[in-house]
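K.L.:
So that we are looking at the same thing, I have put the structure below in structure tokens.
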Amino acid sequence: MSNRNAPARVRARGGVFGKVLCTALLGSVAGVVDARPFIPQDDSVVLAEVPPGTRHSELATRQIASQRLDVALPLAQLYIKQARSTGDLRFLGYAEAVLEPWVGPATSSADALVLHATILQSRHEFSGALDVLERARALRPDDAQAWLTTATVLRVRGQYDQSLSACDHTAVHADPIVVELCKQSIRALMGGLPAAYAAIRQIDSQTMPAEERAWRDSELGEMAVRLGKDGEAEHWFQNGLRASPGDFYIRAAYADLLLRNNRAQDALTLLKGQETLEPLLLRIAIAQKMLRDPGLERSCDRLAAAFAAEAQRGDGVHRREEARFLLDVQNDPRGALAAAQENWKVQRESDDVIVLMRAAHAAGASRAADPAKAFVKEHGVQDVRFAAAMGEQS
């Protein structure tokens, strides 16, 4: 879950459209017979017979969600939100089970397919996510959320031209601000970083919902980091967290900024109580090592166990974090390089470039960073951190 999911809310011209992750999609369900929510007239109405010992996930899957799409969609959204807020990927499995009856070949629900794609994206199964999104768009070609999620997945994979094209498709129904954010975030990775930063700064955030405001501020924060404007980046990350305190993606990016500027104690303060999220626990461990904090051993044990469990399951969700753990905490550059190379096969964001460059340099295998260097040159990606990652003077 190291990459940002598509924003959970896409505003239509004149209203809210497609509240995909955290809020219900009940008003936008298409092609489903009797998809209206069922509201009992009194408390004596029996909704389902529950066998003794049945867990909440089993109840949702077997008794209610398998029969009513208007129950399945918000319940799946709730589980996805829980996965994002707690870092517990089992909630993605619960969401997948809830959606299973609604995502088969005969489905008529684009909303269920977009949610399924979001689950696959969260697991870094990007090819599968794109296939499912294609099915969703076939059912509803102008679905702004499907196109926005497509743009997000393509961006993570480094397919910027296709991602920009997907942003264009959101213009049919999405609010112009959403479209502009989508486009400028991609242009910033294609040689247009200063112009994109200036363009997004001009967007008035006063009337934006909190979720979109956090998206805007996080994009500005990341762009400022890549431009070497760390003071401005801190401002944007703080704004983003005020708009969305539970956004661990912004919190991780802010922590990285603090750690890079040798503000380990500030990073620990920022991350206090966030130990259940592996990406944030990694930053905690790095800060603890910098401070020689006695809690480092426990953090290392938890991270090592988590990465071992992922390897046993065949997951690669936190491969980037594993590479950083091996490099910055365990002093194992060769192990870090192997993890970074595996990660590069899946995702190609700036942080993926950096960890591959750093690991290759630390392992004395500079040629191993050639794929990342070629990618940067091909797309014109601008980031002041690249020189330091390659061991050059910044």
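The values are calculated or read from the model by the stated rules, or taken from the named source; none is laboratory data. Fair warning: this is a prediction, and the values are worked out from it, not measured in the lab. When we count neighbours, we look across all protein chains shown, and the Cβ atoms used for this are built from the backbone with ideal geometry, even at glycine. Accessible surface areas use protein heavy atoms only, side chains included; no ligands, DNA or RNA. Shrake-Rupley method; radii C 1.70, N 1.55, O 1.52, S 1.80 Å.
K.L.:
Evaluate the following for LEU148: is it in contact with a strand residue (DSSP E or B) (Cβ under 8 Å, 6 or more places away or on another chain), touching a residue at least 60 places away in the same chain (Cβ under 8 Å) and not polar (S, T, N, Q)?
P.N.:
Criteria met by LEU148.
K.L.:
Considering only residues that are surrounded by fewer than 22 Cβ atoms within 10 Å (Cβ to Cβ) and within 20 Å of HIS124 (Cβ to Cβ), which ones fall in segment 161-185?
P.N.:
GLN162
K.L.:
Give segment 95-107 a look and list any residue that's small (Gly, Ala, Ser) and part of a helix (DSSP H, G or I), or say none.
P.N.:
Across segment 95-107, the qualifying residues are ALA95, ALA97.
K.L.:
Of these, ASP161, ASP142, which one is over 23 Å from ILE80 (Cα atoms) and touching a His at 6+ places or on another chain (Cβ under 6 Å)?
P.N.:
ASP142
K.L.:
Mind checking which helices (runs of 4 or more DSSP H) fall wholly inside segment 316-394 and carry at least 2 residues that are free of Cβ contacts under 8 Å to residues at least 40 places away in the same chain, surrounded by fewer than 24 Cβ atoms within 10 Å (Cβ to Cβ) and in contact with a Pro (Cβ under 9 Å, 6 or more places away or on another chain)?
P.N.:
333-344, 350-362
K.L.:
Give the residue that is least open to solvent (accessible area, probe 1.4 Å), with candidates limited to residues of segment 219-233 that are acidic (Asp, Glu) and within 16 Å of SER185 (Cα to Cα).
P.N.:
By that ranking, first place goes to GLU219.
K.L.:
When you go through (1) open to solvent by less than 10 Å² (accessible area, probe 1.4 Å); (2) in contact with a Pro (Cβ under 8 Å, 6 or more places away or on another chain); (3) not hydroxyl-bearing (Ser, Thr, Tyr) one by one for LEU193, which number turns out not to apply?
P.N.:
The failed condition is (2).
K.L.:
Also, quick follow-up: Answer yes if at least one residue in segment 253-262 is of a type in the set (S, T, N, Q) and part of a helix (DSSP H, G or I), and no otherwise.
P.N.:
no
K.L.:
Just the residues that are touching a Gly at 6+ places or on another chain (Cβ under 7 Å) and open to solvent by 10 Å² or more (accessible area, probe 1.4 Å), please, taken from segment 108-138.
P.N.:
Hits for segment 108-138 are SER108, LEU120, HIS124.
K.L.:
Let me ask something else about it. Residue by residue through segment 237-254, note down the ones that are crowded, with 17+ Cβ neighbours inside 10 Å and either modelled with pLDDT of 95 or more or over 16 Å from the mean Cα position of the chain (by Cα) (or both).
P.N.:
Matches in segment 237-254: PHE237, ASN239, GLY240, LEU241, ALA243, ILE250, ARG251, ALA252, ALA253, TYR254.
K.L.:
So, one more: Find all pairs meeting these conditions: Cβ atoms under 7 angstrom apart; at least six residues apart or on different chains; first residue within segment 234-246 and over 16 Å from THR86 (Cα atoms); second residue of a type in the set (Asp, Glu).
P.N.:
Cβ pairs passing all conditions: TRP236/ASP217; ASN239/ASP217; GLY240/ASP217; GLY240/ASP247; LEU241/ASP247; ALA243/ASP217.
K.L.:
Please enumerate the residues belonging to segment 76-107 that are among the aliphatic types (A, V, I, L, M) and open to solvent by less than 40 Å² (accessible area, probe 1.4 Å).
P.N.:
Correct list: ALA76, ILE80, ALA83, LEU89, LEU92, ALA95, ALA97, VAL98, LEU99, VAL103.
Yes/no per residue for (1) open to solvent by 40 Å² or more (accessible area, probe 1.4 Å); (2) of a type outside the set (Phe, Trp, Tyr); (3) in contact with a Leu (Cβ under 8 Å, 6 or more places away or on another chain):
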position	(1), (2), (3)
ALA146	no, yes, yes
GLY158	no, yes, no
ILE200	no, yes, yes
GLN206	yes, yes, no
ASP217	no, yes, no
HIS235	yes, yes, no
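K.L.:
Which ones in segment 206-249 are aliphatic (A, V, I, L, M) and part of a helix (DSSP H, G or I)?
P.N.:
ALA210, ALA214, LEU220, MET223, ALA224, VAL225, LEU227, ALA233, LEU241, ALA243
K.L.:
Taking segment 273-288 on its own, how many of its residues are over 17 Å from the mean Cα position of the chain (by Cα), at pLDDT below 95 and open to solvent by less than 20 Å² (accessible area, probe 1.4 Å)?
P.N.:
0
K.L.:
What number of residues in segment 292-315 are open to solvent by 70 Å² or more (accessible area, probe 1.4 Å) and part of a helix (DSSP H, G or I)?
P.N.:
Looking only at that region, the number is 7.
K.L.:
Could you identify the single residue in ALA106, ALA129 that is of a type in the set (A, V, I, L, M), out of contact with any Phe, Trp or Tyr (no Cβ under 8 Å at 6 or more places or on another chain) and without any contact (Cβ under 8 Å) to a residue 12 or more places away in the chain?
P.N.:
ALA106
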